[in-house]
Each structure stands twice: as C-alpha cells, then as structure tokens.
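One structure below.
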Amino acid sequence: MQLKTDPTATTGPIGIFDSGFGGLTVMHQICELMPRYDYVYLGDNARAPYGTRSFELVHEFTLQAVRHLFSLGCPLVILACNTASAKALRTIQQRFLPQTDAWRRVLGVVRPTAEYVGEISKSRHVGVMATPGTVRSRTYELEIAKLFPDISVTGEACPMWVPLVENGEAASEGADYFVRQHIESLLHRDPLIDTVILGCTHYPLLLPKIRRYMPDHVTVLPQGEYVAHSLSDYLRRHPEMDCRLSTGATRRFLTTEQPDFFNESATMFLGEHVSAERILLEA
Ligand code: DGL
C-alpha cells in the first residue's frame, strides 16, 4: 500500500528565481534580513537575457523554473526578476497555482518596489530604468497608478545594461557610454523626475556608474532592500506560510549554464564564494 504524505505538512526552502545573476542582488538583501531560512537560487543563465524575449517565451521559461523549484519542495518562490514578474507572475498566480499547487505562493518584485515610490518622490515624477520587456509591459506604470494615481511614470528601456553585467563589463569604460546615454535620455524626456527605480535586478551592479551620471537631486532606488522588507512583512502577515519554511540557514545555487561560469560571476554579485549545480529545465 502506498502511503500518501500531506505536502503541506513538510517544510522547505524559499526559492529565488532570475534569468541569470541579477536575482542574487535581491537574494543578498533577503539573506541579510532573514538569515535563518533555507534558500535555493535558480539562475536560467543558459537562456538569459529574458529582457528582449517575447511574452510567451518568458512565461514558458518562468513556469518551468517555478515548477522545478516546487519539485525541490519550495513552498514559496520569489521571482527576483522584473521581466519575469512583469510578464509571467499574474498568470502563474491566477491560473497555474490554483490548479496545481494552491497552497504554494509565487511573489514578484514589481509591487514591493512600487509601494515605496509614493513616500519618496516629491515632484511626483518617477523614472523606471528596466529591460525592454519590462518597459513594454507597462507593469510599473500600472502598479504605481493603482497606488499613487498622482505620480507620472516614464520608462526607459536599457537593452545593453544586462549584457554588460552578464559579461562582467559593469566596471569597464565601455559601460559609461551606455549608462550615461540612458540617464540623459530619461531626464530629457521628463526633466521633473526626482526618483528613479532601477527596475532590473542586474542594475545594482552598475550603481557606481549610475550614481556618477545621475544628477544629485535624483534619488535612485535599487530594489533588493524593498523586496526583502516586503517579504519579511509578508511572512509576518502569513504565519501559515512562515511555518512551512525550513530554517537551517543553508544556501543552494542552481544554474542552467556551466557551474564554473556561474560561480565566478555569482561570487562578484554576492561577495562570497558560491558553488553551483547545473540543472536542466524541462517543458
Ligand atoms: N534581471 C532581470 C530583471 O530584473 C532580467 C534581466 C534579463 O534577463 O534581461 O528584469
């Protein structure tokens, strides 16, 4: 006789997903704030960047990643990728979860970031620098409009920024050209902007250059900190989820690329030694 175990009665790690390395900037902040939980990070490096891919593909790849993290026992998955949050989160929450895993949760990074701009912007003009996919989806405009209808949002797509980071060129002289170009373009389109959201989890790696070219009166918001606080708040409000999370303070790293490639760059993102395992994501 086969004994059936109740999956909700066991505990598991928090899954963190990104197309590549970017989500590590979010993981870093989450682990700083909540070190006691177990975490599994999954980077789909073999298929990054997502930012220039179609809605359908980003949705398909994200769903594969979420399913994989569920198969490893994660009760909760954070899409630490704006592009995936913008293009796949709603469908996963509304269609996929209720049918297959109603007790698990998938959360994104757009809403937690949008919640903070209302307190910060005085001019009520906000810029969003993100991948072409995130900007085209208009997710930030829509989320901010729901919370703060008086804020005007201008999106700037920065297609070269992720490749610069993924290829280890974030600190190179070549990166200055692309960073400056998009900051100037954004502020030219709306000179009243006083707050800029870095709406891509890769961009904190470009912060030294972004700060160099951004005028002093503009506040730059990297989102890792906001996402971490929002998650901690979520777990306080949802004790039924909190008690399903395992607390051995372990970190596991998975990549769809060669682990050596991942380990080298992940160490740069996290500032600590990383040893990843390679996995295959299946349809
Ligand atoms: N880091 C991801 C984001 O936040 C996406 C980068 C990409 O794959 O294009 O949007």
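Observations on the model:
- Built amide H within the under 5 Å cut-off of VAL274, gap 5+: THR267
- Backbone amide hydrogens, once placed in the peptide plane, bring VAL106 within less than 5 Å of VAL77, excluding anything fewer than 5 places away on its chain.
- With 10 Å bins beginning at zero, the pair-distance distribution over Cα atoms of the stretch 190-244 amounts to 21, 37, 23, 14, 5 %.
- Max mean-square fluctuation residue, GNM over the chain, Cα-Cα springs under 10 Å, options SER85, SER137, SER19: SER137
- Net charge dipole size for the stretch 4-104 [Lys, Arg +1 and Asp, Glu -1 on Cβ; Debye, nearest 20]: 200
- With every protein chain in place, the stretch 228-283: carbon and sulfur % of accessible area (1.4 Å): 49
- Fraction of the pair-distance distribution of the stretch 142-283 above 25 Å, Cα-Cα pairs, percent: 46
- Each helix, a run of at least 4 DSSP H residues, gives -39500 (n - 2.57); summed and divided by the residues of the chain, these come to -13000 deg cm²/dmol at 222 nm.
- Relative contact order of the chain, defined on C-alpha pairs under 8 angstrom at six or more residues apart (%): 27
- Solvent exposure of the stretch 1-124 amounts to 42 Å² per residue of accessible area, where only protein heavy atoms count and the probe is 1.4 Å.
- Per the Debye formula on identical point scatterers at the alpha carbon atoms of the stretch 74-137, with no solvent, log10 I(q)/I(0) at q = 0.12, 0.20, 0.25 Å⁻¹ is -0.38, -0.84, -1.07.
- Charge tally in the Cβ shell below 14 Å around ILE120, where Lys, Arg are +1 and Asp, Glu are -1, ILE120 excluded: -3
- Neighbour net charge for SER54 - beta-carbon separation under 13 angstrom, K R +1, D E -1: +2
- Radius of gyration and maximum dimension Dmax of the chain, Cα, Å: 18.5, 70
- Cα principal axis extents for the stretch 1-131, largest first, Å: 66, 34, 27
- With all pairs of different C-alpha atoms in the average, the Kirkwood value for the hydrodynamic radius of the stretch 6-82 is 13.0 Å.
- Total formal charge among the other residues, if their Cβ is under 13 angstrom from that of GLU225, Lys/Arg +1 and Asp/Glu -1: -3
- Order by protection proxy (mean Cβ within 10 Å, highest first), peptides 270-276, 177-183, 126-132: 126-132, 177-183, 270-276
- Build a GNM of the chain with springs between Cα atoms under 10 Å apart, and of ASP38, ASP18, ASP233 the one that fluctuates most is ASP233.
- Sites HIS125 and ARG180 - FRET efficiency at Förster radius 30 Å, r taken between beta-carbons, to 0.05: 0.90
- Based on the reciprocal of the average 1/r between different C-alpha atoms, the Kirkwood radius for the stretch 100-171 equals 14.0 Å.
The values are calculated or read from the model by the stated rules, or taken from the named source; none is laboratory data. All values reported here derive from a predicted model rather than from experimental measurement. Methodologically, a virtual Cβ is constructed for each residue, glycine included, from the backbone with ideal geometry; neighbour enumeration extends over all protein chains shown. Heavy atoms of the whole protein, side chains included, go into the accessibility calculation; ligands, DNA and RNA do not. Shrake-Rupley method; radii C 1.70, N 1.55, O 1.52, S 1.80 Å.
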